[in-house]
1. Under 25 Å Cα to Cα from B:Lys184, which lysines show up? Leave out anything in the same chain fewer than 8 places away.
2. Using a Gaussian network for chain A with springs between C-alpha atoms less than 10 Å apart, which of these wobbles most: A:Phe41, A:Phe19, A:Phe113?
3. If I histogram all Cα-Cα distances within segment B:153-283 using bins 5 Å wide from 0, what percent of pairs lands in each bin?
4. Would you mind listing how long segment B:122-208 runs along its three principal axes, going by Cα atoms, in whole Å with the largest first?
5. I need the Kirkwood Rh of segment A:72-229: take the reciprocal of the average 1/r across all distinct C-alpha pairs and report it in angstrom.
6. Regarding segment B:52-137, what are the three Cα extents along the principal axes, ordered largest first, in Å?
7. Shielding by partners for A:212-221, please: the mean number of other protein chain Cβ atoms within 10 Å of each residue's Cβ.
8. From the residues A:Thr138, A:Pro95, B:Cys57, which one has its Cα farthest along the dipole of the protein assembly as shown in the positive direction, the dipole being from +1 and -1 charges on Cβ of Lys/Arg and Asp/Glu about the Cα centre?
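All of the numbers you see were taken from the coordinates with simple rules; none came from a lab. Only a predicted model underlies this, so the values are computations on that prediction, with no experimental measurement involved. Here the Cβ is made from the backbone with ideal geometry for all residues, glycine too, and neighbour counts use every protein chain on show.
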Amino acid sequence: MAGPVSGQRAVMRRRQNAFRWAVVTVALLFFGAPLFGMLEFTTRDASGHRTAATWSQLADLGTISQRYPDLSAGLVASLWLAVLTVVMMLVLLVPTMTWVRLRLPGLSRTVEFLCLLPLTVPAIVLVVGLTPVYAWVTYLLNGSAVWLCFAYVVLVLPYAYRALDAGLRAIDVRTLSEAARSLGAGWGTVMARVILPNLRTAVLSAAFLTVALTLGEFTIANLFSRTNLQVAMYLLGKSDAQISVAVGLAALLFAIAILFAMSFVGGQRDTVSPLSRLRRHRQEPT
Amino acid sequence: MTTAPTTYAPTTSGGQRGVAVELTGLRRSYGPVRALDDLTLRLAPGELVALLGPSGCGKTTALRCLAGLEDPDGGRIEVDGKDLTRVPTNRRDLGMVFQAYSLFPHMTARQNVEFGLQLRRQPGERRRARAAAMLDLVGLSSQADRFAHQLSGGQQQRVALARALAIEPQVLLLDEPLSALDAKVRVQLRDEIRRIQLEVGTTTLFVTHDQEEALAVADRVGVMRSGRLEQIAAPQELYSRPVNDFVADFVGVTNRLPGHAHGHAAAVMDADVPLLSGSATSGAVTVLVRPEHLAVRPDAAGGAEVLSVSFLGAHARVVAQVTGGPKVFVQVPSRAVADFSPGQRVTVTPVGEPALAVAREEA
Amino acid sequence: MVPFFAYVTVFLLIPALVVVIGAFVSGGRPTLGNIRALGQPAVTSALWHSVVLSAVTAVVGAVLGAVLAYAVSTASPRGVLKRFLTSLCGVLAQFGGVTLAFAFLATFGATGFLTRALATVGVQSGGGLWLYEWDKGLMLVYLYFQVPLMLIVFLPAVEGLRPQWREATETLGGSTALYWRRVGGPILLPSFIGALLLLFTNAFSAYATAAALVSQGSPLLPLQIGGTFTSEVILGRENVGKAMALAMVVVVALVMTAYAVLDRRASRWLVR
């Protein structure tokens, strides 16, 4: 018998691997260069030597808030904004979407349309339209940056809607709630003990998207002249660029790390085999 | 067995255009796992051979090696006397039907069937006629202009079959074509596959994990385990004369009864059972007895107690616990259902059909 | 139910009405003057620049992103490479604005490390001033979020290609090239065009990056709109801003509608 057959498939696979590594390497160089540029810039001193001064300063939160009060104020404002936006988004969307599925399926197109509408409204346009509304917000509340959360909820509406919709699609809300009600649960219990626990992953990813968008938002805050993290970084960038760039890089790396970690946690849906899905969805008319 | 296999006329005469297929000493490993361990298999011209086995037994690997979609580590693949081992898939002249989802979604059923003919540069007129004839053969003429997503799972598999056969391949490969379908459609389509295969006479390799399906359609069934062929035989022979307990267990339902072998027979439950060749001939053995080869009768002093009785249409099944022994399944005529009820004492005895005995490891 | 609709009315529908009505009102009186003002050279050239910038970065980003998506799709599905690249791109796709501008200044700016590295090998890149121009630097900067966005949007489509389609093509006698031309390519085309349109609107709507990078003039439509806020208010300029905003919404809405149509077709083909 002849030796091992070096087959067509092996050749094909080798070619595919080479192609993949070539493309990925080029992509990583392109994606990596500006990030490296930031790192290089923040570890440079006036005479061009390497120094970790900027980063050690960044690690020392006490001095930061003393020396760069605007930056820490912006950070605090952005964190508040993230929390408020997530809470408002969930309070507005989860009950509405669940209720529409359970009792008012006729409204589902309307809700979907409204939630996806902001996709066609660029942030800059939203600023134009929100100007009179925010005049009232300032009059009724005050001019604090945290009230930007009203605009941010609109901004994240499409993304949060999609994440939650995917979660609701994966479970049979109607059967679950009917089962719970038949066992004697009230609507409150149904929401808190049955629907929400099953939506955990969807709620988590909607919240993550919201936080990411909120922390990165610049347009609205800048044009309404309110200081959030991005605006503070922008303003500081004009006087002390290094610390500003360092904060930006740190935030970016943090976001990548979080998303990377989350990719190992989620994704139980993939374990549903394609076969069982096929059986469920294709009814034979015979 | 719940469904009697449909019997067909022997087919070797029907295959005017069938060719012989020979797999010799095929080997294939995935890391430490041997998917194919020196597999040798011959298909006569026009024959339909089913490869049967649990998942991971290597049956799909064998089919994919024959298709050229998988490289064997060693061995030889011959079709019609020509060595195809190193020939790429697209020059092997095969028709293949996949488990599911193989129709091109951007083409209609007709365009799917015509695709292979276009690649062979067949003129438009002939191509259309051929596609129409193939869709007619699978009974889908009226759905020719539908897209895959407008067809049911069963209809999609019919189109896939028409597409595979349209190019008049030398060999037809069926890779679990029915396993994604509902039970009723599965039975209907498997009979149809057999009818069409007999009509066109193409040599066919059919891979399945469903023993009933294999027994129903194949001229011969090969049972595989860990990359090896355990037994290959006509369905009736495989069922009545399994060569080992793996085959006996995998094909049909089997009772494992303790007995004592003495020569060409074994004493089982106070009766003598003739043993098939290949059986252990002495000492403590486990005798593999089919449910229809046991008899059960009410007997207040009997050595077994009825656990349950189930009516299955054409016949019925009594499950009984032998005191101090195994649980046994007995097939009885359906009118006998009324004679038994749970808790009743009965006597179970073999009727004396030949059975396989394997040496029993005493605890 | 009620809070949702009340909220959407106040913070989405009213602003929309403000823009639409404001575009046709000046000094409390209905007028077409704002719409006519869109014909001013500054506005038309800004619109033109925005369209060109968005179109070029959408096409280039879509092609590069599609190649990257295919390369990633051939990696093992639960492997670290794929997880890492999708997470990286997930962040970079949303990574606009200030940090992005900083990153490119630190790389290609006057003292950026690549500018210096190139200078040592004798290549002068003009002190990094090209970075601030909308048809040079800004295009490169926009690609930095367009390519990742393409990966995120297009990867599911590439992964929706079933191996059976390729294998069926092969058993029917087709080569790899033929597979891409007759099967893989046509199946992916609607998803590709849809993703390209999404990239277009993404670049077209982007304000923050350009605002952080371009400090002189307002070469892009979003910057023009932003300008109506920050500059000294010339009488009636505010409502011209609303007319520009309306024009922007019209463009984005048209493109998004086309996207929705294509996406529906693609999802029918690639049953997930």
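1. Within the straight-line cut-off, B:Lys184 pairs with B:Lys59.
2. Of A:Phe41, A:Phe19, A:Phe113, the Gaussian network model singles out A:Phe19 as fluctuating most.
3. Reading the bins upward from 0: 2, 9, 17, 17, 15, 12, 9, 6, 6, 4, 3, 1, 0.
4. Between the extreme Cα coordinates on each principal axis of segment B:122-208 lie 39, 31, 17 Å.
5. Working: mean 1/r = 0.0596 Å⁻¹.
Taking the inverse mean of 1/r over all distinct Cα pairs, segment A:72-229 comes out at 16.8 Å.
6. Largest to smallest, the principal-axis extents are 43, 30, 23 Å.
7. Working: counts 4, 1, 0, 1, 9, 3, 10, 10, 2, 1.
Taking the mean over all residues of the peptide, I get 4.
8. My answer, from the dipole projection, is A:Thr138.
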